[in-house]
Amino acid sequence: MTPALRRVAVCAAVIVVTALAHESLVARIASTDPVAELLSGQSIATFQNAAALGLLRAFLMLLAPGWVLYSLLLLGHGYCVHRQAKARPPSS
Amino acid sequence: MCRQRRLVWLDAGHDLEHSERFEMTVLHDILRRPRLPLRMRVLVALGCLLLTVAVVPRLVCGRHAALYFERDLATQDALARSVAASVRAQRGRQFYHTGTARFDGQSAIATYQMTILGLGQVILAHPEKRDDYLPAIRTAADRLVDPATLDYAADVYGTHGVVQMAPGAGHAYLGYINLALGMLRQIDPDTRHAALHDRLTDELARRLFNSPTGMIETYPGETWPPDVAAVAGSIGLHARATGTDRQAELDRWAERFASCALDATGYLIQRIRSGTCEPLDAPRGSGTAVASYFLGFAHPALSRRLYEGLVAQGERSLLGFGAVREYASGHQGAGDVNAGFVVFGVSVGATGFALGAAMTHGDRAFFTELFRTAHLFGVPSQAGETRTYAAGGALGNALLLAMLTARTL
């Protein structure tokens, strides 16, 4: 596997794992009432969940798309170089 | 490495017959070696980040905005189901138990009121859903008119307003209850709360229209213009539901209300000294936005005036995500339970209520920006055909339902 392909694979794997963690955390929060927890003094747990959720969402929405695009661009660039080299006549 | 291998190959005198194998070696080395300089890769990475940050979040968070704005049934229904289920599943009258009777009661009133308004608005847009949501609306209404839900009112007035209103006593908190009863009356004209609805409206109208300042107290010594807007909205909705004409009275009242509580910035003053128009709090976005929504039921022109002030003074936008500042220019504060969290000057309350105001006045662009923010921080969770905003709890989801389904004037 070339480095570029490996980069794309790692990127995809990290995003999938993060997305699954995000959905799991959202389902857990949705099964409770965060406002009630906050008001009943369970603010530490509420803020911990909020912080974790914020980090996961920030990664998925802000960093992950750019990482995917960057990885695909490098993969595409490598492919173009490969095509150019293949088309180049062998030098003596 | 590639060059060395090539030189060794040629120096060894190998001819073109081996060129194919040589070429494959060269190509393999080309693919393995990074071609771009580090600086170029950093620039490309930064460019990718900036491009996707500018595009992806707004696309992801705004994809349902158009559906809500156009009152798509499936979209409204998904949130309405979860709100209706939340009310039906609630065992006690109150949702929160902080030990503060006023907050516990008021939050329950707000939850039931917004549930009725939201579900009612869904039914008005999609009458075929009446049988699905009327039971939840009736349950919410029964608890709304139960004096024990807001026993703080009885504590401060001696009796709850739904039981009796002493002469001169304001009871403006009844505006929230009466507004919900008006929505119930529109979709269930034979409701068993019709007589109460008529009595509360008459009592509140007498107080409101006879007030020199256009204001009445919420609790003894406390006058909150957004609550007065709820009272006026409830009178307008009663008129609509019963075919009564109160337009002339509402027009005269609107002038007094605006001259007393509307700040030069266009924002509504949050609290004033009872019996006067002296401000006791700043002009605030949360109060302005919710008042604009409530007044849409009674006085479209005044509602519009508040909305225009809200947009002119409070609209903020970043990468397609909108929010509303809580405090008008020249004022500062840390917010309160009405505003929720205040971050960089914008508040949860002002932003959330502005959704309803934007829907009321058909402002698609601003609604979409606000919706993206609500989606980002509300954390929607889909389970089958039901959608819940995980960060909102019972109160937040009821509020969002009412705001996202508001009728356009």
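Here, each number is a calculation from the coordinates, and none is a lab measurement. For clarity, every value in this text was computed on a predicted model and none was experimentally measured. Positions of Cβ are generated from backbone atoms using ideal geometry, with glycine treated the same way; all protein chains shown enter the neighbour counts.
Quick notes on this structure:
- Ranked by the mean number of other Cβ atoms within 10 Å of their residues, highest first, the peptides A:13-20, A:45-52, B:308-315 fall in the order B:308-315, A:45-52, A:13-20.
- Where the alpha-carbon atoms of the protein assembly as shown are placed on the principal axes, they occupy 114, 45, 41 Å, in descending order.
- Cβ neighbours within 10 Å from other chains - mean over A:45-53: 1
- When peptides B:270-278, B:207-215 are sorted by average Cβ neighbour count within 10 Å, with the highest value leading, the order is B:207-215, B:270-278.
- Relative contact order of chain B, pairs being alpha-carbon contacts under 8 Å that are 6 or more residues apart, as %: 17 percent
- In this calculation the C-beta distance from B:Thr159 to B:Leu319 is compared with R0 = 45 Å, giving a FRET efficiency of 0.30.
- Distance between the pseudo-spin-label points of A:Ala45 and A:Ala9 (7 Å out from Cα toward the beta carbon): 4.1 nm.
- Kyte-Doolittle mean at least 0.5 and Cα axial length at least 27 Å: DSSP H helices in chain A: A:3-30
- Estimated from helical segments only, the mean residue ellipticity of chain B at 222 nm is -19500 deg cm²/dmol, where each DSSP H run of four or more residues counts as -39500 (n - 2.57).
- Dimensions in Å of segment A:39-87 - Rg and Dmax from alpha carbons: 20.6, 70
- Residue among B:Leu46, B:Leu376, B:Leu306 with the largest mean-square fluctuation in a Gaussian network model of chain B, springs linking Cα atoms under 10 Å: B:Leu46
- Counted as membrane-span-like here are DSSP H helices of chain B whose alpha-carbon atoms extend 27 Å or more along the helix's own axis and whose Kyte-Doolittle mean is -0.5 or above; these are B:38-61, B:101-125.
- Projecting the Cα atoms of B:Leu46, B:Pro380, B:Leu318 onto the dipole axis of chain B, where Lys and Arg carry +1 and Asp and Glu carry -1 at the beta carbon, places B:Leu46 farthest toward the positive end.
- In plain terms, the chain from B:Leu280 to B:Leu73 could stretch by 70.2 nm, reckoned as 0.36 nm per residue minus the Cα-Cα distance.
- Peptide-level mean, for A:65-78, of C-beta atoms on other protein chains within 10 Å: 5
- Taking the Cα centre of the protein assembly as shown as reference, the dipole from Cβ charges on Lys and Arg (+1) and Asp and Glu (-1) amounts to some 2040 debye.
- Extension gain (nm, one decimal) between A:Leu63 and A:Thr32, 0.36 nm per residue minus Cα-Cα: 8.3 nm
- For residues of A:20-33, the mean tally of beta carbons on other chains within 10 Å: 4
- Rounded to the nearest 20, the Cβ-based charge dipole of chain B about its Cα centre (Lys and Arg +1, Asp and Glu -1) stands at 920 debye.
- By average C-beta atoms within 10 angstrom, highest first, the peptides B:180-187, B:65-72, B:115-122: B:115-122, B:180-187, B:65-72
- Simple label model, 7 Å out from Cα along Cβ direction - B:Ala365 to B:Asp202, nm: 4.9 nm
- With one equal scatterer per alpha carbon and no solvent term, the Debye-computed log10 I(q)/I(0) for chain B at 0.10, 0.14 1/Å reads -0.65, -1.22.
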